[in-house]
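The values are calculated or read from the model by the stated rules, or taken from the named source; none is laboratory data. On a predicted model such as this, the values are computed, not experimentally measured, just so you know. For neighbour counting, all protein chains shown are included, and Cβ atoms are generated from backbone atoms with ideal geometry for every residue, glycine included. When the accessible area is computed, the model is the full protein with side chains, heavy atoms only, and any ligands, DNA or RNA have been set aside. Shrake-Rupley method; radii C 1.70, N 1.55, O 1.52, S 1.80 Å.
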Amino acid sequence: MSGRLRTAVLLAALATAATLLAPSAHAAPAATRSTHVTSTTPRTVVLDGARLKRTRARLGHDPRLRRTLAALTARADAWLDQGPWTVVDKPKPAPGGDVHDYLSQAPYWWPTTAPTAGNPWGCPYVQRDGERNPQVDSGTDRQDAEKVFDSVYDLSLAWYYTGRRDYADKAGRILRTWFLDPATRMNPNLDHAQFVPCKYDGRAIGVIDFSQSYTSVLDAQAILATGAPGWSAKDRTAMGEWNADFRDWLENSDFGRQEGAAANNHGTFYDMQLAALAYATGDTALARRTVLDARAKRIDPQIAADGGQPQELARTRSWHYSTFDLVAYTRLAAIGRHVGVDLWRYRGPDGQSVFKAVDYLLPAATGAAAWPHPEPEFHRYAASDVVHAAADAGDQAARAALRELQTPPGGDLWALRPAAEQLDSIATA
């Protein structure tokens, strides 16, 4: 079981305990409640801010929502005594020597010899698709970055729904430590992501370390910007500047351009991240253009007439990558909603569409049929969020499938955070 799945199982247990013990799932000690719960609609990027506001208004009279909130606040509570994290505390800096540069190691590359004093990495390295090298989970920044992404998302949502100040304070401290404080901040680039020892100092493919989850951070910032205690106007301005610098690096760097040219999930996630950063930083023209271009650039060549995704089906973990790519498509469609583009209803020359790609997964997602492609770690629940997204967008087949889905570890949080997440292991290359 991956670390992420172990965490989800723990959080599920905590959520159950919270439901049993708490007199009200959204209650909080008076000392920790915020004195101000904003009426402002969050200008979120993937999430629908107006929907969040309507959902919050229903909490007082909807027992099912309160039970879901118990699962969300259990996740938030688990983060309160963790972190903050920083890129400057890794054992060795990234190639080039700047401790503020983000560093991660390619997960599917393995040493071919035992390490020695003269060859401490065991070089040369070879690639084994789908086989994760446990070495990558220590000594670099990737694990900590994922904790930053997950924690600020959970904490900001928990603050928005409960008004508890400790959630907002913790989210703000995590963001400032990772992105803003001069002593601990990350430089706004991914020049050394997914490096391969003795071979590459960094790779374009490493952009996905952020693109797979950074939109959660953008939405967390938007939620906190509605008036969260501990997240000041100075913080908002500085975070906006970091996001603009990162957007410019993503759009103009060699690695960014290479990732944008990828013809599989890497390209889809690149488009999603660029559109999200553009929208968050006020460049709505770039956001709209990126979503529009994804029709002919992504859907036409990457989704087949029957809804299969050939580049993802060819992978060793075909189910994982098929659901993973659809996380990017569904989030990109959500960004499109903000800029007047309906990506869901686009049809390619052979009938390709995001709806068809989701429907392709439904027999396996509901347990009606076995998944007919290679997959060593099949988890039905991995498709749950993308099916929810398609159902919300009007797909009748997806809507009918909802009652047959497998609940993810940690519970189904869709009602409170209606934006697809990758629900199985997110180790990718």
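A compact table of results
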{"read-out": "Matching residues, region 109-121, being free of Cβ contacts under 8 Å to residues at least 40 places away in the same chain, within 26 Å of THR316 (Cβ to Cβ) and not hydrophobic (A, V, I, L, M, F, W, C)", "value": "THR112, THR113"}
{"read-out": "When residues of region 289-312 are limited to those that are of a type outside the set (A, V, I, L, M, F, W, C) and closer than 18 Å to ALA364 by Cβ, the one farthest from the chain's Cα centre (by Cα)", "value": "ASP306"}
{"read-out": "Residues satisfying the stated conditions in region 396-416, i.e. assigned to a loop (DSSP other than H, G, I, E, B), under 20 Å from ASP48 (Cβ atoms) and open to solvent by less than 10 Å² (accessible area, probe 1.4 Å)", "value": "LEU413, LEU416"}
{"read-out": "GLN82, sole failed condition from (1) more than 26 Å from LEU175 (Cβ to Cβ); (2) at pLDDT 95 or above", "value": "(1)"}
{"read-out": "Residue in region 342-350 that is of a type outside the set (Phe, Trp, Tyr), at positive phi, surrounded by fewer than 18 Cβ atoms within 10 Å (Cβ to Cβ) and at pLDDT 95 or above present", "value": "no"}
{"read-out": "Inter-residue pairs, beta-carbon under 8 Å, first closer than 17 Å to GLU421 by Cβ and in region 306-322, second among the acidic types (Asp, Glu) and buried (at least 22 other Cβ atoms within 10 Å of the Cβ), 6+ apart", "value": "HIS320/ASP424; TYR321/GLU312; SER322/GLU312"}
{"read-out": "Neighbours by Cβ (under 6 Å, 6+ apart or cross-chain): first from region 78-99, over 14 Å from ARG142 (Cβ atoms); second among the polar types (S, T, N, Q) and open to solvent by less than 40 Å² (accessible area, probe 1.4 Å)", "value": "TRP79/SER151; PRO84/THR177; VAL88/THR184"}
{"read-out": "Within region 127-149, tally of residues that are open to solvent by less than 60 Å² (accessible area, probe 1.4 Å) and closer than 25 Å to ARG176 by Cβ", "value": "10"}
{"read-out": "Criterion: in contact (Cβ under 8 Å) with a residue 12 or more places away in the chain, closer than 26 Å to ALA275 by Cβ and of a type outside the set (Ser, Thr, Tyr) - qualifying residue of GLY367, GLY410, GLY394", "value": "GLY394"}
{"read-out": "Residue match in region 209-223 (condition: buried (at least 18 other Cβ atoms within 10 Å of the Cβ), of a type outside the set (Lys, Arg), under 27 Å from ASP424 (Cβ atoms) and in contact with a strand residue (DSSP E or B) (Cβ under 7 Å, 6 or more places away or on another chain))", "value": "no"}
{"read-out": "Residue check, ALA368 open to solvent by less than 20 Å² (accessible area, probe 1.4 Å), in contact with a Leu (Cβ under 8 Å, 6 or more places away or on another chain) and modelled with pLDDT of 95 or more", "value": "no"}
{"read-out": "Boolean, LEU69 is under 17 Å from ALA222 (Cβ atoms) and in contact (Cβ under 8 Å) with a residue 40 or more places away in the chain", "value": "no"}
{"read-out": "Matching entry among PRO188, PRO229, PRO197 (being touching a strand residue (DSSP E or B) at 6+ places or on another chain (Cβ under 7 Å), touching a residue at least 60 places away in the same chain (Cβ under 8 Å) and surrounded by fewer than 23 Cβ atoms within 10 Å (Cβ to Cβ))", "value": "PRO197"}
{"read-out": "Any chance PHE378 is at pLDDT 95 or above, aromatic (Phe, Trp, Tyr) and either assigned to a loop (DSSP other than H, G, I, E, B) or surrounded by fewer than 18 Cβ atoms within 10 Å (Cβ to Cβ) (or both)", "value": "yes"}
{"read-out": "Qualifying positions in region 62-111 - closer than 25 Å to GLY206 by Cα, under 20 Å from the mean Cα position of the chain (by Cα), open to solvent by 20 Å² or more (accessible area, probe 1.4 Å) and among the aromatic types (Phe, Trp, Tyr)", "value": "TRP85"}
{"read-out": "Any chance ASP293 is within 29 Å of GLU375 (Cβ to Cβ), open to solvent by 40 Å² or more (accessible area, probe 1.4 Å) and not polar (S, T, N, Q)", "value": "no"}
{"read-out": "Of all residues in region 112-126 being surrounded by 14 or more Cβ atoms within 10 Å (Cβ to Cβ) and at pLDDT 85 or above, the one that is nearest to ALA193 (Cα to Cα)", "value": "TYR125"}
{"read-out": "Of the criteria (1) of a type in the set (Ser, Thr, Tyr); (2) buried (at least 24 other Cβ atoms within 10 Å of the Cβ); (3) not in a helix (DSSP H, G or I), which one THR316 fails", "value": "(2)"}
